[in-house]
Amino acid sequence: MYSKFVSILAIIILVAPVSLFAQQKNLSPVIQKQSGDVIPSYELFNINRMSFWLRNDGLSGSAPNGEAGVYFPRQLASVSKQDGIIWGARVNDNDPSKPEIRVGGQTYISSTVSGYITQTGPNPQASAAQPIYRIRRDYKELTENSLEVILEAAEFYQIEPSEVTQKQARSIINRYAHDWQNWPGHLGAPYYDLNGNGSYDKGIDEPGLAEADQVIWMVTNDLDVNKSVSFAGSPPIGLEIQTTMWGYAGDSGTLADIAFQRYRFINHSGYQLDTMFVARWADHDFGDGENDFAGCDSILELGYVYNGTSFETPYEKVNLAPATYGYRLLQGPIRESPGDTAIYNFQKKAGFRNNTLSSFGYFASGSPARMPIQGDYEATELFFYWLNGYLPLWFGYFDPYIHGAGPFRGNPTFYPLNGEPIDQSFDVDGLEDNLSAGDRIILLTSGKFEMAPGDTQEVIYAALGGLGDTWLQSVADLKDKQHLAAAIQQDRFRNIPSKANFNWRTRYLSSSESEVVFNARIENAIDVTLRLKTPEGNPVTDLLMFDDGMHEDGAAGDGIWGVIWQTPQRQDGLNADLDVTYSSGFQITRDRIASNITTDGPLEITDVVFGSDNINDNGQVNPGENVRFTLKLRNNGGVSINDLNIYPIESTGPD
């Protein structure tokens, strides 16, 4: 039976996060003290349907309490326990007391510390720890009592939304304002050079990049010997790493399920770095993390993890199929290649090309492959094997990955599990010789390349969430979304598709027929199609929307698109997807841009009968009381309504 909702989105949002906040209460503050100063050590990416914790020493994907720190959809279910970047290189310093091959990065621990490098050369020096910065372009429009800020404060302080104080809500806005006003553009944080002089001028230039709605930036280095040795047993290289994460606001559509991440490596060692690799490492867990599969697509440069069964508790509770989560290598390091053209710093660079995905690796619970035991130099050797595309099994042995299923079963490969889970073809996890569902760790590597002293390299990834009508369709959804991320990167982030502000209203023509007016405000669109579906995902109808001034869409060419749909009244509430083609050529599907679209009714509240109150039982609604009352409803439509749910919209005050 379907449920009929008389509610607004705000109420749904308030109800949904309860389980997340309940798990993450009573945590230590997400700040640290150094030399008497208090600096933010954690920040949260949460501008769209993804939430993602980062720490100022480079660790990411883990919440301040050590629990899973990546949620998709936001506030619903965790999809990653920990992730990070791993790099390795041969360092030509001719120092016999130090090993030539060195590895660093972040897995469950980090080889890096917060701070930028102040002195380059054989003995580089670093600054004190630096804050992690976070900005929003619209921070001046935020208010303490807005639902958006209250939810963000609840996520950041990891408490229930109902527990958020005005001071905590205000602190979110104040931090945005502080970071905007103190943006470290002079240290490498991205900005718009409005006066074109090539340097950051506070008060003139503007923080941000690529028209992003939220940007997070931090700087780390690998100069701490103890941290480096504890990670993989090798000494530091002398790298500064600048990390930027950004995204675009929205609660529906393709861009709402994507976050972009750029890692810039600066070689301050004073030495040549050869045979260098960089990789995205992740321990993705869905729910309990013991029933997952992994997969890759070497052509799409994509690695991902998906649920091994058709259901997972957090999703099942809200009638959703399990999600899929992964990374797409959008832009690899560059290397010289006459006649080719690379993309670097959002610009074309002639005579170079970007490295692609050179290998995909994974660990599966129950396999002989294992995470290297960190803290010993053997870990450096094994990590370096892994970066080269081999299994990190034993020192001195280059064991390749083997296709476990499909027509190439038994053959060595740099891209295991590159089959198609949707139709179970080729090398699919869980089939034939591949292990059954369990814990999965993945590694997406790009290399090899070189770095001369003073060189800068950058790598860009898209973090992607997929959510379909079934667990395998979530994989298909992820693969569809990576196409948009790749197109935006190839366009050098110059034409970001605008958001679609969508609304609908129902008019009742008779007791059996209704019409629904749909409107969407979309800039730079040339074609818009609305697809209505049942709650089960079955198609109802496709409606072409217009911006011609003749479909209750405002004036012609004003960016407001409209369509009027007449229909017999239906018992089920409908969902809507929106397909948009932009003038730039981008095509975006905004999944479930609206839900519970009502065609039956109208319902009328004919009476409100006061029952009782819990304090003085005086028949009046007094402050702080729980009040019991009864609503009398009349269904003026021609369709029966089952399982009716009624939710309050908001307090309307004493009147």
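The values are calculated or read from the model by the stated rules, or taken from the named source; none is laboratory data. Values in this document were obtained by computation on a predicted structure and should not be read as measured data. Using ideal geometry, Cβ is built from the backbone for each residue, glycine included, and neighbour counts are taken over all protein chains shown. Side chains included, ligands, DNA and RNA excluded: accessible areas come from the protein's heavy atoms. Shrake-Rupley method; radii C 1.70, N 1.55, O 1.52, S 1.80 Å.
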Check: What per residue convex hull volume, in Å³, comes out for the chain when only alpha-carbon positions are used?
Finding: 185
Notebook entry, point to check: Accessible surface of residue 367 in the full protein assembly, 1.4 angstrom probe, to the nearest 10 Å²?
Noted result: 40
Next item on the list: Over the chain, with every protein chain in place, what whole percent of the accessible area is carbon and sulfur at 1.4 Å, could you tell me?
Entry: 49
Next item on the list: Please sort 484-497, 116-129 by packing, taking for each peptide the average over its residues of neighbouring beta carbons within 10 angstrom, highest first.
Entry: 484-497, 116-129
Check: Helix 166-181: angle to the longest alpha-carbon principal axis of the chain, degrees 0 to 90, nearest 10?
Finding: 50
Item checked: With at most 16 neighbouring Cβ atoms within 10 Å, loop GluC sites (Glu not before Pro) (DSSP) excluded, longest segment of the chain -> 291-431
Checklist line | Convex hull of the range 454-593 built on C-alpha atoms - directionally averaged projected area, nm² | finding: 10.7
Next item on the list: Roll a 1.4 Å probe over the protein chains and send me the accessible area per residue for the chain in Å².
Entry: 43
Next item on the list: Give, in nm to one decimal, the length gained when the segment between residue 192 and residue 529 is fully stretched (0.36 nm per residue of separation minus the Cα-Cα distance).
Entry: 117.9 nm
Check: Which shape class, rounded, prolate or oblate, goes with the range 132-262 when its Cα gyration tensor gives a ≥ b ≥ c as root eigenvalues, a/c under 1.5 marks rounded, and past that a/b bigger than b/c marks prolate?
Finding: oblate
Notebook entry, point to check: What do you reckon, how do 481, 533 stack up by accessible area (1.4 Å probe), largest on top?
Noted result: 533, 481
Note to self: I need the Debye-formula profile for the range 47-115: one equal scatterer per C-alpha, no solvent, reported as log10 I(q)/I(0) at q = 0.13 1/Å, two decimals.
What the structure shows: -0.48
Notebook entry, point to check: Which one of 598, 554, 412 has its Cα pushed farthest toward the positive end of the charge dipole of the chain, where Lys and Arg give +1 and Asp and Glu give -1 at the Cβ?
Noted result: 412
Note to self: With +1 on the Cβ of every Lys and Arg and -1 on the Cβ of every Asp and Glu, and nothing else charged, how large is the dipole of the range 356-432 about its Cα centre, in debye rounded to the nearest 20?
What the structure shows: 60
Check: By how many nm would the segment from residue 607 to residue 584 lengthen if fully extended, with 0.36 nm per residue of separation less the alpha-carbon distance?
Finding: 2.9 nm
Margin query: Using only the alpha-carbon atoms, how far is helix 378-387 inclined from the longest principal axis of the chain? Give it as 0 to 90 degrees, nearest 10.
Written below: 60
Item checked: Tensor-based shape of the range 220-341 (alpha-carbon gyration tensor, a/c under 1.5 rounded, otherwise prolate or oblate) -> prolate
Checklist line | Degrees, to the nearest 10: 147-157 long Cα axis against longest axis of the chain | finding: 40
Notebook entry, point to check: Full extension from residue 138 to residue 473: what is 0.36 nm times the residue separation minus their Cα-Cα distance, to one decimal in nm?
Noted result: 117.1 nm
Check: residue 248 accessible area, nearest 10 Å², 1.4 Å probe?
Finding: 10
Notebook entry, point to check: Dipole magnitude of the chain about its Cα centre, charges +1 at Lys/Arg Cβ and -1 at Asp/Glu Cβ only, in debye to the nearest 20?
Noted result: 860
Check: In square angstrom, rounded to the nearest 10, how much accessible surface does residue 113 have for a 1.4 Å probe?
Finding: 40
Margin query: Between the range 156-215 and the range 485-520, what is the separation of their alpha carbon centroids in Å?
Written below: 29
Next item on the list: Please get the size of the charge dipole for the range 302-445, origin at its Cα centre, with Cβ charges of +1 on Lys and Arg and -1 on Asp and Glu, quoted in debye to the nearest 20.
Entry: 600
Next item on the list: Considering only protein heavy atoms, with the full assembly of protein chains and a 1.4 angstrom probe, order 305, 609 by accessible area, largest first.
Entry: 609, 305
Item checked: Cβ-based charge dipole, the range 487-531, positive-most Cα from 488, 509, 525 -> 488
Note to self: Shape verdict for the range 537-590, please, from the Cα gyration tensor: rounded (a/c under 1.5), prolate (a/b greater than b/c) or oblate.
What the structure shows: oblate
